[in-house]
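Encoded as structure tokens, the structure appears first; notes follow it.
Read the figures in this text as sums done on the coordinates, not as results from a lab. Because the structure is a prediction, the values reported are computed rather than measured. With ideal geometry, Cβ positions are generated from the backbone for all residues, glycine too; neighbour counts draw on all protein chains shown.
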Amino acid sequence: MQAQVRAHTFQPRDLVGGDLVLDLVNTVTTRNAEPVDRLDGYARLLDWAELTGAFPAADLAQILNETAANPRAAEYALTHVKALRETLWELLTATVFGQTPPPGALASLQTQWRRAVGSACLQPVDEHIAPVVTVKASGLDYLTHALALHAVRLLEEVPLNRLRVCAGRQCGWFYLDTSRAGRRRWCDMATCGNAEKTRRHNARP
């Protein structure tokens, strides 16, 4: 999907997907109107990663130092993250609308997952054994590898019948509906929900 790249300061309100991978896909906003890509550089990606709280601060600091030393490599690594993001968008979109996952997207995720596994090592994690990536092994692709591994776990374990796309007119964000009734329509009631209420109110005769 072609999107206009625009600088953005990430805030907690940008993390409403209910899962790290969904929040990554949501770094492109207004996909259902005029898409805007908020990752205008690798430094912005690191800002987003720090905000999620999913990555050790020491690892992010190490990567930041590497980006300063290798700006071209950082730009290249950013394209890998974006490729993963768009692959996931295709797969999640197909899931939401009950379609067969695009073979090309499945093959792409498999390739990205294999690269991540190739750089990972097995370690104890929360009383389980799991593949873990390190900055030393993955370099500037650390985030891509970590997100690819997480994405496969999401597609394996999360109840995807609770996966939704926000009904907002200029949104298109994914989120997991954790409401009891499973009838949530908005990524965030405080933004898209209220915007729709205001629109309906103004449209009344």
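Remark: region 100-196 carries a charge dipole of roughly 280 debye about the Cα centre, counting +1 on each Lys and Arg Cβ and -1 on each Asp and Glu Cβ.
In percent, rounded to a whole number, the relative contact order of the chain is 23, using alpha-carbon pairs under 8 Å and six or more apart.
Partnerless cysteines in the chain, where a partner means another cysteine C-beta under 4.7 angstrom, comprise 121, 192.
Under 5 Å from the amide H of residue 5 lie the amide H atoms of 37, each residue being 5 or more positions distant or on a separate chain, with H modelled from the backbone and absent for Pro and chain starts. Each residue of region 53-59 was assigned a 3J(HN,Hα) from its phi angle through the Karplus expression (A = 6.51, B = -1.76, C = 1.60, θ = phi - 60°), giving x, 8, 10, x, 4, 5, 5 Hz with x at Gly and Pro. Our compactness index for the chain, the C-alpha radius of gyration over the empirical 2.2 N^0.38 Å, is 1.06. Of 185, 38, 85, the residue with the greatest mean-square motion in the GNM of the chain, using alpha carbon springs below 10 Å, is 185. In terms of its C-alpha gyration tensor, region 1-116 comes out prolate, because a/c is 1.5 or above and the ratio a/b outweighs b/c.
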